[in-house]
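Have a look at the structure below before the remarks.
The values are calculated or read from the model by the stated rules, or taken from the named source; none is laboratory data. All of these numbers come straight from a predicted model, not from anything done at the bench. Positions of Cβ are generated from backbone atoms using ideal geometry, with glycine treated the same way; all protein chains shown enter the neighbour counts.
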Amino acid sequence: MDYQTTVSNKEATTKKEKRKKNTIYDQKPTPAFVGASWASLFVGTIAFCIGLWNADMLLNEKGYYFTILLFGLFSVISVQKAVRDKLEGIEVTQMYYSISWATTVISIVLLIIGLWNADLELSEKGFYGISFMLSIYAAIAVQKNTRDIAYIERNQKEKDLF
(Lines give C-alpha, C1' and ligand atoms only; values in the text may rest on other atoms or scores of the structure.)
Protein backbone atom coordinates (compact mmCIF):
# COMPACT_ATOMS: atom_id res chain seq x y z
CA MET A 1 0.00 0.00 0.00
CA ASP A 2 1.20 3.43 -0.87
CA TYR A 3 0.41 5.88 1.92
CA GLN A 4 0.99 9.56 1.45
CA THR A 5 3.36 10.73 4.16
CA THR A 6 3.59 14.39 3.26
CA VAL A 7 1.07 17.17 3.40
CA SER A 8 0.64 19.45 0.45
CA ASN A 9 1.96 22.98 0.80
CA LYS A 10 -1.53 24.46 0.58
CA GLU A 11 -2.85 22.29 3.42
CA ALA A 12 0.17 23.05 5.60
CA THR A 13 -0.20 26.78 5.02
CA THR A 14 -3.89 26.82 5.91
CA LYS A 15 -3.26 24.80 9.05
CA LYS A 16 -0.55 27.26 10.13
CA GLU A 17 -2.81 30.21 9.36
CA LYS A 18 -5.64 28.69 11.39
CA ARG A 19 -3.30 28.10 14.32
CA LYS A 20 -1.98 31.63 14.03
CA LYS A 21 -5.46 33.16 13.97
CA ASN A 22 -6.72 31.08 16.90
CA THR A 23 -3.81 31.89 19.19
CA ILE A 24 -5.22 33.22 22.44
CA TYR A 25 -2.99 34.74 25.07
CA ASP A 26 -4.85 34.26 28.32
CA GLN A 27 -2.12 33.33 30.78
CA LYS A 28 -1.37 36.19 33.13
CA PRO A 29 2.15 36.34 34.51
CA THR A 30 2.28 34.83 37.96
CA PRO A 31 2.38 37.18 40.93
CA ALA A 32 5.80 35.72 41.80
CA PHE A 33 7.22 36.69 38.41
CA VAL A 34 5.65 40.15 38.54
CA GLY A 35 7.07 40.67 42.04
CA ALA A 36 10.48 39.35 41.06
CA SER A 37 10.55 41.66 38.04
CA TRP A 38 9.70 44.74 40.11
CA ALA A 39 12.16 43.71 42.82
CA SER A 40 14.92 43.24 40.24
CA LEU A 41 14.19 46.66 38.77
CA PHE A 42 14.37 48.35 42.16
CA VAL A 43 17.41 46.41 43.35
CA GLY A 44 19.37 47.05 40.15
CA THR A 45 18.45 50.73 39.88
CA ILE A 46 18.86 51.54 43.57
CA ALA A 47 22.15 49.63 43.79
CA PHE A 48 23.46 51.56 40.76
CA CYS A 49 22.40 54.87 42.35
CA ILE A 50 23.85 53.99 45.77
CA GLY A 51 27.09 53.04 44.05
CA LEU A 52 27.13 56.43 42.33
CA TRP A 53 26.31 58.25 45.57
CA ASN A 54 29.20 56.60 47.38
CA ALA A 55 31.64 56.76 44.47
CA ASP A 56 34.73 58.90 44.64
CA MET A 57 34.22 60.63 41.31
CA LEU A 58 33.41 64.10 40.10
CA LEU A 59 29.79 65.22 40.04
CA ASN A 60 29.78 65.42 36.24
CA GLU A 61 30.92 61.77 36.07
CA LYS A 62 28.13 60.76 38.41
CA GLY A 63 25.69 62.68 36.23
CA TYR A 64 26.99 60.92 33.13
CA TYR A 65 26.41 57.45 34.60
CA PHE A 66 23.01 58.40 36.04
CA THR A 67 21.92 59.79 32.66
CA ILE A 68 23.08 56.61 30.93
CA LEU A 69 20.99 54.58 33.39
CA LEU A 70 17.86 56.64 32.69
CA PHE A 71 18.55 56.61 28.94
CA GLY A 72 18.98 52.83 28.96
CA LEU A 73 15.82 52.22 30.98
CA PHE A 74 13.73 54.39 28.68
CA SER A 75 15.27 52.83 25.57
CA VAL A 76 14.53 49.23 26.52
CA ILE A 77 10.97 50.09 27.52
CA SER A 78 10.55 51.73 24.13
CA VAL A 79 11.93 48.64 22.36
CA GLN A 80 9.63 46.35 24.31
CA LYS A 81 6.65 48.57 23.52
CA ALA A 82 7.46 48.62 19.81
CA VAL A 83 7.94 44.85 19.69
CA ARG A 84 4.70 44.26 21.57
CA ASP A 85 2.76 46.73 19.43
CA LYS A 86 3.90 44.86 16.32
CA LEU A 87 2.85 41.57 17.89
CA GLU A 88 -0.61 42.92 18.70
CA GLY A 89 -1.05 44.33 15.20
CA ILE A 90 -0.67 47.97 16.21
CA GLU A 91 1.15 49.92 13.55
CA VAL A 92 4.73 50.86 14.43
CA THR A 93 6.81 52.83 11.99
CA GLN A 94 10.13 51.33 11.00
CA MET A 95 11.78 54.63 11.96
CA TYR A 96 10.53 54.41 15.57
CA TYR A 97 11.41 50.74 15.80
CA SER A 98 14.94 51.38 14.50
CA ILE A 99 15.49 54.39 16.76
CA SER A 100 14.36 52.36 19.79
CA TRP A 101 16.89 49.64 19.05
CA ALA A 102 19.61 52.14 18.21
CA THR A 103 19.18 54.05 21.47
CA THR A 104 19.27 50.81 23.44
CA VAL A 105 22.53 49.76 21.84
CA ILE A 106 23.93 53.28 22.19
CA SER A 107 23.16 53.38 25.92
CA ILE A 108 25.00 50.09 26.46
CA VAL A 109 27.95 51.21 24.33
CA LEU A 110 28.16 54.56 26.18
CA LEU A 111 28.24 52.74 29.53
CA ILE A 112 30.98 50.42 28.27
CA ILE A 113 33.04 53.34 26.94
CA GLY A 114 32.57 55.27 30.18
CA LEU A 115 33.58 52.33 32.34
CA TRP A 116 36.49 51.40 30.08
CA ASN A 117 37.98 54.89 30.45
CA ALA A 118 37.02 55.40 34.10
CA ASP A 119 39.60 55.47 36.84
CA LEU A 120 37.81 52.80 38.85
CA GLU A 121 38.73 49.43 40.29
CA LEU A 122 37.78 46.48 38.11
CA SER A 123 35.28 45.35 40.76
CA GLU A 124 33.56 48.76 40.63
CA LYS A 125 33.34 48.61 36.87
CA GLY A 126 31.81 45.17 37.12
CA PHE A 127 29.34 46.37 39.75
CA TYR A 128 28.10 49.20 37.53
CA GLY A 129 27.90 46.96 34.48
CA ILE A 130 25.97 44.21 36.25
CA SER A 131 23.57 46.55 38.05
CA PHE A 132 22.93 48.38 34.76
CA MET A 133 22.19 45.15 32.88
CA LEU A 134 19.97 43.90 35.73
CA SER A 135 18.05 47.17 35.63
CA ILE A 136 17.43 47.19 31.90
CA TYR A 137 16.47 43.51 31.82
CA ALA A 138 14.07 44.05 34.70
CA ALA A 139 12.58 47.10 32.96
CA ILE A 140 11.80 44.91 29.95
CA ALA A 141 10.19 42.27 32.19
CA VAL A 142 8.12 44.85 34.08
CA GLN A 143 6.93 46.42 30.81
CA LYS A 144 6.08 42.98 29.40
CA ASN A 145 4.15 42.00 32.52
CA THR A 146 2.26 45.29 32.46
CA ARG A 147 1.29 44.81 28.81
CA ASP A 148 0.37 41.14 29.32
CA ILE A 149 -1.92 41.91 32.24
CA ALA A 150 -3.59 44.84 30.45
CA TYR A 151 -4.06 42.79 27.27
CA ILE A 152 -5.59 39.85 29.08
CA GLU A 153 -7.88 42.02 31.21
CA ARG A 154 -9.04 43.97 28.13
CA ASN A 155 -9.81 40.72 26.28
CA GLN A 156 -11.60 39.33 29.33
CA LYS A 157 -13.83 42.43 29.52
CA GLU A 158 -14.61 42.14 25.80
CA LYS A 159 -15.42 38.45 26.25
CA ASP A 160 -17.71 39.22 29.21
CA LEU A 161 -19.65 41.79 27.15
CA PHE A 162 -20.60 39.21 24.55
Check your understanding: Taking the condition surrounded by fewer than 17 Cβ atoms within 10 Å (Cβ to Cβ), modelled with pLDDT under 95 and touching a Phe, Trp or Tyr at 6+ places or on another chain (Cβ under 8 Å), does LYS28 pass?
Key -> no
**Study point:** Identity of the residue in the range 23-62, of a type in the set (D, E, K, R) and in contact with a helix residue (DSSP H, G or I) (Cβ under 7 Å, 6 or more places away or on another chain), that ends up nearest to LEU87 (Cα to Cα)
**Key:** ASP26
Exercise for review: State the number of residues belonging to the range 70-116 that are in contact (Cβ under 8 Å) with a residue 40 or more places away in the chain and either touching a His at 6+ places or on another chain (Cβ under 9 Å) or not in a helix (DSSP H, G or I) (or both).
Suggested key: 1
Study note, to complete from the structure: Scanning the range 126-162 for residues that are among the aliphatic types (A, V, I, L, M) and farther than 24 Å from SER107 by Cα gives ILE149, ALA150, ILE152, LEU161
Check your understanding: Looking at ALA47, ALA12, ALA39, which one is modelled with pLDDT under 55, part of a helix (DSSP H, G or I) and surrounded by 11 or more Cβ atoms within 10 Å (Cβ to Cβ)?
Key -> ALA12
Point to revise | Members of the range 117-130 that are of a type in the set (A, V, I, L, M) and surrounded by fewer than 16 Cβ atoms within 10 Å (Cβ to Cβ) | key: LEU122, ILE130
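Return the residue satisfying two criteria in turn: it lies in the range 51-78 and is among the small types (Gly, Ala, Ser) and more than 30 Å from MET95 (Cα to Cα), and of such residues it is modelled with the highest pLDDT.
Only one residue fits best here, namely GLY51.
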Exercise for review: Could you tell me whether GLY114 is touching a Leu at 6+ places or on another chain (Cβ under 7 Å), at pLDDT 90 or above and surrounded by 13 or more Cβ atoms within 10 Å (Cβ to Cβ)?
Suggested key: no
Revision key, fill the gap. Matching residues in the range 50-82 (within 13 Å of the chain's Cα centre (by Cα) and either surrounded by fewer than 16 Cβ atoms within 10 Å (Cβ to Cβ) or of a type outside the set (A, V, I, L, M) (or both)) number 6
Point to revise | Count of the range 121-137 residues which are in contact (Cβ under 8 Å) with a residue 12 or more places away in the chain and more than 22 Å from the chain's Cα centre (by Cα) | key: 1
